[in-house]
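Peer 1: My questions all concern the structure below.
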Amino acid sequence: MTALILNLSPAIELTDEQFFQLCQNNRDLRLERTAEGELIIMPPTGWGSGNRNSRLTQRLGNWADADGTGLAFESSTGFKLPNGANRCLTTSHSVSTPDASWVSRGRLEALNPDPTRFLPMAPNFAVELRSASDSLKTVKQKMQEYIDNGVRLGWLIDPQNQRVEIYCLGQDVEVLESSTSLSGEDVLPGFVLDLAQILN
């Protein structure tokens, strides 16, 4: 099953509030909105991807709780990116949702966003875990969009090809084949993700 993309522009121009309400009224759907105004309806993942994503989110959440310098988020959290994309972890505004993400407390406290709305910022850290239905090209574009909008560190974990792509602000993409772990570097100091149950 692949994502369904609806090109609404120029017939329908959803405001941020209208898109938010559309998501609230359709909570069983994973909706994103691109910077170009396309509405993306994401399919549910298979149980293998669901289990990997659960493990990934759990490990990031455990580290965030112990570290205390920020908050971890799971894949249904919406981020309103500076380019307008609304990604649900969806230039006009886009909202995005990485499969797992993390935002520092300092940034959250400075902005003091409404906790019932999409976060109006890019996370410090974002992970995309490619599922069997995801196009690799599309997921790579999404990762690059995150970096272009201020994400400092991003991981694209690709179980199908047994590889990881590391995206860092201001650097070329680093590709790791058959790695056993990933480091959170200076963005998530001390966070190390064991890939054994994520890639297999």
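Peer 1: Hey, can you tell me all the residues within segment 136-162 that are assigned to a helix (DSSP H, G or I) and of a type in the set (A, V, I, L, M)?
Peer 2: 136, 139, 143, 147
Peer 1: Out of (1) closer than 14 Å to residue 147 by Cβ; (2) at pLDDT 95 or above; (3) assigned to a loop (DSSP other than H, G, I, E, B); (4) not hydroxyl-bearing (Ser, Thr, Tyr), what's the single condition that is false for residue 170?
Peer 2: For residue 170, the failing item is (2).
Peer 1: Would you check which residues across segment 161-200 are surrounded by fewer than 18 Cβ atoms within 10 Å (Cβ to Cβ) and either hydroxyl-bearing (Ser, Thr, Tyr) or in contact with a Ser or Thr (Cβ under 8 Å, 6 or more places away or on another chain) (or both) and list them?
Peer 2: At the first step, the residues of segment 161-200 found to be surrounded by fewer than 18 Cβ atoms within 10 Å (Cβ to Cβ) are 161-163, 168-181, 183, 185-186, 189-190, 192, 194, 196-197, 200.
Correct list: 162, 163, 178, 179, 180, 181, 183, 192, 194, 196.
The values are calculated or read from the model by the stated rules, or taken from the named source; none is laboratory data. Because the structure is predicted, anything quoted here is derived from the model rather than measured. Quick reminder, even Gly has a Cβ in these numbers, built from the backbone with ideal geometry, and neighbours come from all protein chains shown.
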